[in-house]
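Let me begin by presenting the structure, written as structure tokens, before commenting on it.
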Amino acid sequence: MTLPLTPRIRPKADETAPALRRELCAHLRWLVASLSLWSTSVFGAANAAGAEDSKRVSLRYETLSYREISEFYNEWPIFLPNDDFVGATGGWIPIPHAEGPGFRFERTDKTKGLGFDTDGDTEIDTSFSMGLRSPPIITLRAKDLEGRPFEYSLRFRRRNMLSPFPRLRGPFPRVFFAAAGAMVGRMAGKPIRLIDGNGNGRYDDYGIDFLSVGESDVATYLSRIVSLRGKLYRLDVDPSGRTLRYSSDQGPFGVLDLTTKWQGPATLETAVVLEQRGQLSFDVAAARGGLRVPVGRYVLARGRLTRGDGQALVRNGDLEPFVVKAGQTTTIEWGSPFHLEFPCVEREDQWIVPAQQIVIRGPRGEEYFDWLLFKNWRGIKQTPLGEVRRIRDNRVLHQSRFPAAKNSLCESFLVSKDAPPTDPLQVRVTYQSPLFGLLEGKVQTGGQE
Ligand SMILES: [Ca+2]
Ligand SMILES: [Ca+2]
């Protein structure tokens with residue numbers, strides 16, 4: 001059987017490497033999953049019984065709406081476990097179709113214009129200008145290798161879309177795109193959405209593509225088993241995303257609880273975990289008192305804290321994997337007290353703390369990030385305060401606030417002037433955050449012997 005979305009024409013060698021690597025990874029994951037599914041079905045009689053009540057669901061493509069909250073940042077109505085955009089070079093958006101390996105694009109003027117072939121005939125038929133506002137969503141339409149019409153909508157990351165340096169632009173612009181649509185349907189009476197997470201036009205990359213079920217606006221990674229109203233279902237997705245099969249899953253299960261003993265002024269609203277083998281993913285914050293999940297070792301893919309208009313994200317960092325055992329509840333105590341971690345970089349006669357590299361960390365090692373990015377950025381009242389002290393006499397040499405950040409792309413620095421290069425200094429940053437309380441972090445610069 002041929003897979004419906006395999007490219008006929010191979011792109012140039014230099015572009016195939018990452019694509020091939022992704023393909024290989026996907027196949028390896030598939031192989032591992034097949035083996036584990038096989039072993040579960042051989043050793044678990046209950047699962048074999050579950051497979052008999054397998055149901056088939058048809059899905060259709062839908063472009064999702066998005067809000068523009070600033071000129072830089074496009075926000076989707078869905079929470080995703082990562083924001084990775086795919087870099088497209090060589091003038092092709094690598095979504096394969098019946099007539100070729102992708103859809104052509106090119107620069108239409110010297111600076112900001114981009115033109116796209118959206119119907120696969122290689123003729124540019126749509127263009128837009130990369131002005132101040134966010135680039136629009138465009139929809140590609142063509143036929144797949146089996147002759148069936150398909151659609152694929154793209155959103156673009158504005159930043160770095162076109163290199164500002166003409167020398168680096170090369171013959172083709174480099175664009176960063178991500179899926180702006182989903183295969184949607186209903187499963188066990190609830191909505192389900194499959195999203196292509198790695199921009200390859202396929203919807204069956206477990207642990208890489210995204211999935212949301214029920215009324216939730218949270219997508220997890222595509223998972224072999226999904227939780228719906230407390231029940232677990234085994235999922236089998238067609239590569240084209242047009243159909244999926246599901247059947248009830250009989251375990252073994254345990255409960256993973258990340259919310260009951262999370263400490264902090266904010267609420268842990270979302271906690272997407274991924275099993276270490278990359279085949280199972282759940283939002284364990286979706287259920288009060290923990291979520292029933294298959295046994296395994298889970299890591300935190302991405303979580304979200306909210307309080308009022310404020311929001312921050314959290315990722316695994318140095319957290320130990322959460323081990324879920326059959327019939328047992330694993331409750332993790334984590335969160336507060338938090339502290340700040342940051343590098344201090346010497347640049348000529350100045351010590352600089354790049355705001356982008358300040359991390360908030362909990363005692364178990366998890367990392368909080370994007371904490372300057374408020375949904376309503378006007379709501380930011382106080383920003384981190386930086387201070388440089390000379391250790392020898394405890395004298396404050398420099399003090400300044402980081403500028404309020406409009407978005408996660410801001411660059412702000414703490415600059416220490418007039419510090420003698422031979423003196424070790426202490427750089428301290430404090431921040432009173434509505435999400436984390438009072439935060440502090442310090443580093444000592446070496447000084448020169
Ligand atoms: Ca065209
Ligand atoms: Ca995919």
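Every number here is computed from the coordinates shown, using simple stated rules; none is lab data. Only a predicted model underlies this, so the values are computations on that prediction, with no experimental measurement involved. We place every Cβ from the backbone using ideal geometry, glycine too, and count neighbours over all the protein chains shown.
Things worth noting here:
- Net charge of neighbours whose Cβ lies under 11 Å from the Cβ of residue 259, counting Lys and Arg as +1 and Asp and Glu as -1: -1
- FRET efficiency estimate (nearest 0.05) - Cβ-Cβ, residue 430 to residue 348, R0 22 angstrom: 0.25
- In this simple spin-label model, placing a label point 7 Å from the Cα along the Cα-to-Cβ direction at both residue 129 and residue 66 gives a separation of 2.1 nm.
- Applying 0.36 nm per residue to the separation of residue 396 and residue 307 and subtracting their alpha-carbon distance, the gain on full extension is 28.7 nm.
- Applying 1/(1 + (r/R0)^6) with r as the Cβ-Cβ distance of residue 440 and residue 328 and R0 = 51 angstrom yields a FRET efficiency of 0.85.
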